[in-house]
Amino acid sequence: MNPIFNFFFEQYARYETHHIVLEIIAVLFGLLSVVFSKQNNILVYPTGMISTAIFVYLLVIWGLLGDMMINVYYFIMSVYGWYIWTRKVDKEHTTPISKTTLKEHKISAIIFFSTIVFVFVVYQVFDKWTSWTAYVDTVTTAIFFVGMWLMAKRKVENWLYWIIGDVISVPLYFYKGFTFTSLQYLIFTFIAIFGYAAWKKSLNKNLQT
């Protein structure tokens, strides 16, 4: 058991105890947020905001600039998404789940490539091109930025971006030494798959009625 435990958790010996506790709390709220998202529940946003706020604090301490920017963006988009999800499209209905339009696909592409350029510039300024993980961070940041925007717009395709980003993030965070966060993304992957199926089922049901 000891070698296995050390393989997964020995890096935490270097961390402050309260940082480990905060990471676990952030992971738990992150999992709650994704579960609520799968259920198309507005609680996705307050739980997500707690998780991202804690991660912003931790990532600043750990010096992970790209990951920190992702979580700052998540927090801002959570505020926007909370508004969109509660906005009435008429007297009785809030913004429904829908498919991404051609215009929104174009906007998604603009967000993706703009994010890559932005992160590249920031990494250049702060001299963060110190590992191959920085290049992967650039891509995953762009993927997650698009996914978060589409989720705020309540578009079913948001889950496809989350699935791709989560799959990449599992080994990435483990390599960086954040086992709990890596496990979080592993669970996220499965929830995202079920979330896509649930939202698609709900969309088809709405179209039929």
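The values are calculated or read from the model by the stated rules, or taken from the named source; none is laboratory data. Everything numeric here is computed off the predicted structure, so don't read it as measured data. Don't worry about glycine lacking a Cβ; one is built from the backbone with ideal geometry, like all the others, and counts go over all protein chains shown.
Taking the range 27-37 as the search range and keeping residues that are in contact (Cβ under 8 Å) with a residue 40 or more places away in the chain and surrounded by fewer than 19 Cβ atoms within 10 Å (Cβ to Cβ), which one is nearest to the chain's Cα centre (by Cα)? Here the residue is 31. Among the residues of the range 155-186, those that are in contact (Cβ under 8 Å) with a residue 60 or more places away in the chain and either in contact with a strand residue (DSSP E or B) (Cβ under 9 Å, 6 or more places away or on another chain) or not in a helix (DSSP H, G or I) (or both) comprise 177, 178. Closer than 15 Å to residue 158 by Cα, out of contact with any strand residue (DSSP E or B) (no Cβ under 8 Å at 6 or more places or on another chain), assigned to a helix (DSSP H, G or I) and modelled with pLDDT of 90 or more: is that true of residue 140 in this structure? Yes; evaluated as a whole, the condition is true for this residue. Considering the range 141-174, the residues that are over 21 Å from residue 38 (Cβ atoms) and not aromatic (Phe, Trp, Tyr) include one that is surrounded by the fewest Cβ atoms within 10 Å (Cβ to Cβ), namely 171. Looking at (1) touching a residue at least 60 places away in the same chain (Cβ under 8 Å); (2) buried (at least 17 other Cβ atoms within 10 Å of the Cβ); (3) not hydrophobic (A, V, I, L, M, F, W, C), which one does residue 52 not meet, given that it meets all the others? For residue 52, the failing item is (1).
Each residue in the range 63-113 was checked for being at pLDDT below 95, in a helix (DSSP H, G or I) and in contact with a strand residue (DSSP E or B) (Cβ under 8 Å, 6 or more places away or on another chain), and 2 of them qualify. Whether any residue in the range 197-209 is in contact with a helix residue (DSSP H, G or I) (Cβ under 8 Å, 6 or more places away or on another chain) and more than 29 Å from residue 83 (Cα to Cα) is what I want to check. No, the range 197-209 contains no residue that is in contact with a helix residue (DSSP H, G or I) (Cβ under 8 Å, 6 or more places away or on another chain) and more than 29 Å from residue 83 (Cα to Cα). Residue count for the range 105-127, restricted to those that are touching an Asp or Glu at 6+ places or on another chain (Cβ under 9 Å) and either without any contact (Cβ under 8 Å) to a residue 40 or more places away in the chain or surrounded by fewer than 17 Cβ atoms within 10 Å (Cβ to Cβ) (or both): 1. Within the range 122-130, at least one residue is among the β-branched types (Val, Ile, Thr) and part of a loop (DSSP other than H, G, I, E, B).
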